[in-house]
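Rule-based calculations on the coordinates, nothing more; no lab input. What you see is a predicted model; the values in this text were computed from it and never measured. So basically every Cβ, Gly included, is an ideal-geometry build from the backbone, and we count neighbours across all protein chains shown.
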Amino acid sequence: MISKSAHVPTVLVIDDDETIRQLLVALLDEINCTVLSADNGLVGLDIIKENSVDLVVTDIIMPGMEGLELVRRIKKRYPETKIIAMSAYRGSGKLDYLKHAQAFGVDETFQKPFEPVQFLETVRELTQG
């Protein structure tokens, strides 16, 4: 019988908050993902250039390059890459960053704090196939 080896997804976590970044990396390690991380969008883009990344999990509000610009650049260069956008900011109208992220083409959004089980289910859905 021929055994098919399961694809181990590579997930890039980009968040300027070290505590959140470490939490996300630990959660993703639990479901056997290869996890890369960056503390800002510019470093994240460099990592994507050098690695095959299946999923990017990014904060929206960050210094340097904010998340919406990061999403725009990733979708332009790597349209097949799935993206989850996160934000602790609870805005509305013009300041609803997660709604704007959806318009930029993210696959899913999460308001911080988020439910870890739901987050991991979403990661599995986006990285299968």
(request) Tell me the label-point distance for the pair Lys75, Val43, using the 7 Å Cα-to-Cβ offset, in nm and rounded to one decimal. (result) 2.6 nm
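Could you give the size of the charge dipole of the chain about its Cα centre, using +1 on the Cβ of each K and R and -1 on the Cβ of each D and E, expressed in debye and rounded to the nearest 20?
Numbers: 14 positive and 20 negative charges, 106 e Å.
Using Cβ point charges on Lys, Arg, Asp and Glu, the chain gives about 500 debye.
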(message) Within 10 Å, at most 16 other Cβ atoms, and a DSSP state outside H, G, I, E, B define an exposed site. Report the longest part of the chain free of exposed trypsin sites (Lys or Arg not before Pro).
(response) 5-89
(message) Using only the alpha-carbon atoms, how far is helix 67-77 inclined from the longest principal axis of the chain? Give it as 0 to 90 degrees, nearest 10.
(response) 50 degrees
(message) 5 Å is the cut-off here: which amide hydrogens, built 1.01 Å from N in the peptide plane, fall below it relative to Ser37, excluding neighbours closer than 5 in sequence?
(response) Val13
(message) To make sure I understand, if each residue's beta carbon is the centre and we count other beta carbons within 10 Å, what order do Tyr89, Tyr97, Tyr78 fall in, fewest to most?
(response) Tyr89, Tyr78, Tyr97
(request) Return the sequence-ordered ³J(HN,Hα) values of the range 36-46 in whole Hz as given by the Karplus equation 6.51 cos²θ - 1.76 cosθ + 1.60 applied to θ = phi - 60°, using x for Gly and Pro. (result) 10, 9, 8, 9, 7, x, 5, 5, x, 4, 4
(message) Need one number: nm distance between label points at Glu115 and Met65, each 7 Å from Cα along Cα→Cβ, rounded to one decimal.
(response) 3.3 nm
(request) Using θ = phi - 60° and the Karplus relation 6.51 cos²θ - 1.76 cosθ + 1.60, list the HN-Hα couplings for the range 54-60 in order, rounded to whole Hz, with x at every Gly or Pro. (result) 7, 9, 10, 10, 10, 6, 8
